[in-house]
Structure formats: structure tokens, C-alpha cells
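Below: the structure, in C-alpha cells.
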Amino acid sequence: MQIPQAWTSEAADTTRDEVKRVASPASFFCSQGRSLVLASQYFVNDRLAEDARGGVASKHRHRINLAIFGQLMAAFEYLCKDFVAQAIDAVSIFDEVICKQDWITVDAKRILLFRSSALTAGAMLIHPTQGWHSPSQVNSRYAAIFERSPVANAEIKQLEQLWVLRHSVAHNAGFVTEYDGRRSGMPSLSGRVVSITDSFIEEQYQFLKVVADRFATVVGDAVLLRWLRLRIQEGYSWERDSAIYAKLRMLATCEQSRARPLSEITQANYDRDWVRAGGTI
């Protein structure tokens, strides 16, 4: 088998996305999600010659949109996992509770495979784990570690339905089995191939973007303030805290614009958060 080449685009947006991936999981999801929405809108009829808008174009568009929807949900799953991984890598304050999580398992084979890898401890622990397609499990895991839940109760049903659709797309070529249709509350799709349109992808991205923002502004902000409160007893010091603070401030950032880069983290940011955490300057 010929192994695919790594993605090596030097386009400005690719470089910008990589910075967001490394530093700000919520921002990375928003950028990826918006790019996928734009991709789904690229082959709409208005962009095609009139004689190229028939059944063949419709069939290809259907297949492309199935793949794009799968990628959108994959980007959201990456956010769920990488937020935890980056928090673990940034600070040690969660070490004790992480060791108590029975859904995180480490085996010798996994460690040996990574002996020459640049993977971080957080990535090694979290990315191989399962269960991220259950919003209730995600909330439970986040509540146990961070004492905050990223998915609102009113969003759980819709997110569960999206994961069922993603399962149908990824494993059944878009065909919704009778079981999946019934258990997800979408019986009208049972025994049918789901039609994913560009407007549906846009709508679901807008829904997921709200959840992604909560990962940063609710969970991430709580992580940041928790760490700062531990630093207060040591006294104010931008020089001492700047490196770790910048990582946690990015974890608590959700830059929703695909085209806008992440803002620089400055001492002014630190001062505002220090005061919010109860410290004095």
C-alpha cells in the first residue's frame, strides 16, 4: 500500500490553523468548522454551469457533503479530547483526579509505540480513549476533572442525534438502520440514506460552535482561575507565571473567526485575570 503523504500546504490559513491547534482547541474547532462549511458551499448550483446542475452533480454533492459532515464531527471530537490533554500538559493540578479516572487506561504496548514520539503526556493519555460520542459521558468526565460541564442539558439530545448520524455516515455509508433511527428519535430516517445538505452542515456548525465556545469560556476560564488562585499565595509575578498563564489563557480562548489569528497574550491580560481570581497588584 502506498502511504499517503502528510498535508504540507503552506497556505496562510493552514499555518494559522496549526497555531490554533497547538494552543487553543476551541479556536481550532471554529476554524476547522468554518472551513468545512465553506467547502460544502463550494459546489452549490450557483457555482456550476447551468448544464452541469443535473443528477450527476447532485449525487457527487451528496457524497461530498457526507464526508464533510463526518469531518465536522471529527473536529468536534478532537476538541473534546484535546482540551483535556492540553490542560493536563499545562499544569499538574489535575494529576490526582486524572489518576482516579477509570476511563483512562495505560498499557505497555501504547507507551512502547511512542518511545520516539513527540507526543505529550496529555495526548498519550487522552487521545486513545473512547466514549466521546456520548454528551452525557463528556459532561461527566469534565465535571469530575474540571468541576464544569461543557454541554448544556438542552443540547444533549441534538448532539446525540448528530453522533448517530455521524455513525451512519462513517460506518454505514449514510444508511440509517432501523435501530439507529429509533434510538435517536429520528424514526423517519430509519431504513434510508440520510441527505446531508450544505445548509444542514452550516446549521450544525452554528450549533456546535456555541458548545465549543463554552469549552473555553466556561471550562477553560474555570481552569485558569483555579490555577491563578493557587498562585496568589505566592504573590503577583508576571515573570514567574507568564509561560503557564499564556497556555491557560489560550485554553480559555475561543477565537470564532477563521481568518483572524489568535491574539497575543500580554501582561494586561494577566493583570485582569489576577484581579478576577481575587489577587491584588
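Laid out as a table, the results:
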| read-out | value |
| --- | --- |
| Most mobile of ASP180, ASP102, ASP221 in a GNM of the chain (Cα contacts under 10 Å) | ASP102 |
| Cα-based convex hull volume of the range 44-88 per residue, rounded to whole Å³ | 60 |
| Candidates PRO135, PRO187, PRO25, ranked by Gaussian network fluctuation over the chain, Cα under 10 Å, top entry | PRO187 |
| Chymotrypsin sites (Phe, Trp or Tyr not before Pro) restricted to the range 55-148 and DSSP loop, no more than 15 other C-beta within 10 Å | TRP103, PHE114 |
| Relative contact order [Cα under 8 Å, 6+ residues apart], the range 83-188, whole percent | 20 |
| Residues ASP271 and LEU119, FRET efficiency given R0 of 45 Å [Cβ-Cβ distance, rounded to 0.05] | 0.85 |
| The chain, dipole about Cα centre (Lys/Arg Cβ +1, Asp/Glu Cβ -1), debye to the nearest 20 | 360 |
| Within-14-Å neighbourhood charge of ASP89 [Cβ basis; K, R +1; D, E -1] | +1 |
| Tail weight of P(r) past 12 Å, computed on alpha-carbon pairs of the range 134-175, percent | 62 |
| Lysine pairs within the chain, Cα separation less than 18 Å, 8 or more sequence positions apart or different chains | 7 |
| Size descriptor, Kirkwood hydrodynamic radius, that averages inverse alpha-carbon separations across the range 182-281, Å | 16.5 |
| Spin-label pair SER237/GLU178, simplified geometry with 7 Å Cα→Cβ offset, distance in nm | 6.8 |
| Relative compactness, the chain, computed as alpha-carbon Rg over 2.2 N^0.38 Å | 1.12 |
| The chain - mean residue ellipticity at 222 nm from DSSP helices (-39,500 (n - 2.57) per run, n ≥ 4, rounded to 500) | -19500 deg cm²/dmol |
| Summed residue charge, Cβ within 14 Å of TYR236's Cβ, Lys/Arg positive, Asp/Glu negative | 0 |
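Laboratory data are not the source of any read-out in this text; all were calculated from the coordinates shown. Every value quoted in this text rests on a predicted model; they were computed, and no experiment measured them. Cβ atoms come from the backbone with ideal geometry, glycine included; neighbour counts cover every protein chain shown.
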